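One structure below.
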Amino acid sequence: MNVEIFPSVAKGKIHPPPSKSCAHRLLICAALSDGVSKISNIGSNDDILATIDCLKNLGADIDINGDVVTVKGINISKKSKTLQLNCNESGSTLRFFIPLSLLLSEETVFYGSDRLLSRPQSVYEAIFNEQGCFIENDGKQLKTAGELKYGVFKMRGDVSSQFLTGLLFALPLLNGDSEIVLTTPLESAPYVDITIDVLSKFGVSVERKSESSFFIKGNQKYLPQSLSVECDWSNAAFLDAFNLSGGNVAVEGLDYESCQGDKAYKGFYEKIKSGCPEIDISDCPDLGPVLIAVSAICNGAVIKGTKRLKIKESDRGEAMRQELKKFGVDITVNEDSIVIPKAKLLTPTENLCCHNDHRIAMSLAVLCSVVGGVLENAQCVKKSYPEFFDDIKTLGIQYKII
């Protein structure tokens, strides 16, 4: 799907979609519960559908009725011989389910897109190989085998917080206590806060002994719950971004007490509007593309903590560099920082590539609302925000599908 966006100003009120990060965690905890849970305001993006499909294959009974998902939990005492799980393009799904696979199946084969399977799993490889478990990725599928055991897990914290979250789901179900010790500082820490908060809602306790140590008591039980998914701060950032280009958009329904780290975008936007700031996104790397976009619209910025943008759905720093050049803006992508100069946006004379990345597509849409442009393969927004183009149309952003 190619979308031509015309210069237009966004105005109105809107609710962002449900939080993908929270929905993943609520669904997994519900599936690990002994009983029936109901999760409302679930959303229907591709990543959540991948998690639901994997949970069904693990043995959860899941019924979807509108935006309410009813989940009957897995019999965790019964270990499968073999499982096949398709994670599509969802990095969260893959990394959250790898420890569970060693708990619930003798052998599991994970499938997904080429880009997903190219993303590093070295943290798991190191700790599971030490336990005598098998994990192998040949680029077309990832296989796991063996039995997850309780104990002390030493792991890096600066690759992705998803590895830590994956362990936090599985370790409370083992028949002994465990401790996770981080050997490097934890980045994207708010995502771990979300995990611990959701676990607590299902009756599972994680004790954070220090910045680098987590104690997980064994033999815990997940208790079924009826909960609602909160609105997503990450996608709210794209809607709020129109306010930096002359719009008047009220983004409603957000929980200002949320654990979501991407709520930091509010403060970043204020800094960007005020001049040419230096901001650090080590704890919220998913904001990278939209912050680059609004910095180009305003007065430029220096964004630090960007090294992990390379291992997302695309190499996001490089992708934005290539596309902003079509707008006449030359940004500099360094190892762990990106410099966006003050510049005048020009209307692109060639189509823009979304790099099969939902956050690149939505960031480019914000830029196109200022000077116009054509997005190629913009359907990739379905990964997190399928209604994105419908929603911005209600705000007055003019476009046509070509």
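Looking at the range 20-228 alone, DSSP beta bridges between its own residues are antiparallel in about 65 percent of cases. Computed from point charges on the beta carbon alone (+1 for Lys and Arg, -1 for Asp and Glu), the dipole magnitude for the range 20-228 about its Cα centre is near 360 Debye. Dipole magnitude for the chain: about 120 debye, using +1 per Lys or Arg Cβ and -1 per Asp or Glu Cβ, origin at the Cα centre. Taking Cα atoms only, the orientation of helix 189-201 departs from the longest principal axis of the chain by about 50 degrees.
Exposed loop sites here mean GluC sites (Glu not before Pro) with a DSSP loop assignment and at most 14 other beta-carbon atoms within 10 Å; the chain contains its longest site-free run at 1-146. For a test of the definition: using alpha carbon positions, the gyration tensor, and the 1.5 limit on a/c, classify the range 245-402 as rounded, prolate or oblate. Rounded, since a/c falls under 1.5.
The residue list LEU164, LEU345, ALA145 was ranked by how far each Cα lies along the charge dipole of the chain toward its positive end, using unit charges on Cβ atoms, and LEU345 comes out on top. Beta bridges assigned by DSSP with both partners in the chain are antiparallel in approximately 60 percent of cases. Calculate how steeply helix 288-297 sits against the longest principal axis of the alpha-carbon atoms of the chain, using the helix alpha-carbon long axis, and give the answer as 0 to 90 degrees to the nearest 10. For 288-297 against the chain, the angle is about 10 degrees.
With θ taken as phi - 60° and the Karplus curve 6.51 cos²θ - 1.76 cosθ + 1.60 applied, the whole-hertz 3J(HN,Hα) list for the range 268-285 is 4, 4, 4, 5, 5, 5, 7, x, 10, x, 10, 10, 10, 10, 4, 8, 8, x Hz, x standing for glycine and proline.
Summed over qualifying helices (DSSP H, 4 residues or more, each -39500 (n - 2.57)) and divided by its residue number, the chain shows a 222 nm mean residue ellipticity of -10000 deg cm²/dmol. Computed from Cα atoms, the angle from the helix 316-326 axis to the main principal axis of the chain rounds to 20 degrees.
Dipole of the chain computed with +1 at Lys/Arg Cβ and -1 at Asp/Glu Cβ about the Cα centre; of ILE52, HIS358, GLN84, farthest Cα towards the positive end is HIS358.
Taking θ as phi - 60° and the Karplus parameters 6.51, -1.76 and 1.60, the scalar couplings of the range 349-358 work out to 9, 10, 5, 9, 9, 8, 6, 6, 9, 4 Hz in sequence order, x denoting glycine and proline.
Over every Cα atom in the range 20-228, the radius of gyration and the widest Cα-Cα span, Dmax, amount to 15.6, 44 Å.
Computed from the coordinates by the stated procedures, all read-outs in this text should not be read as laboratory data. As the structure is a computational prediction, the values presented were derived from the model and not from experiment. Here the Cβ is made from the backbone with ideal geometry for all residues, glycine too, and neighbour counts use every protein chain on show.
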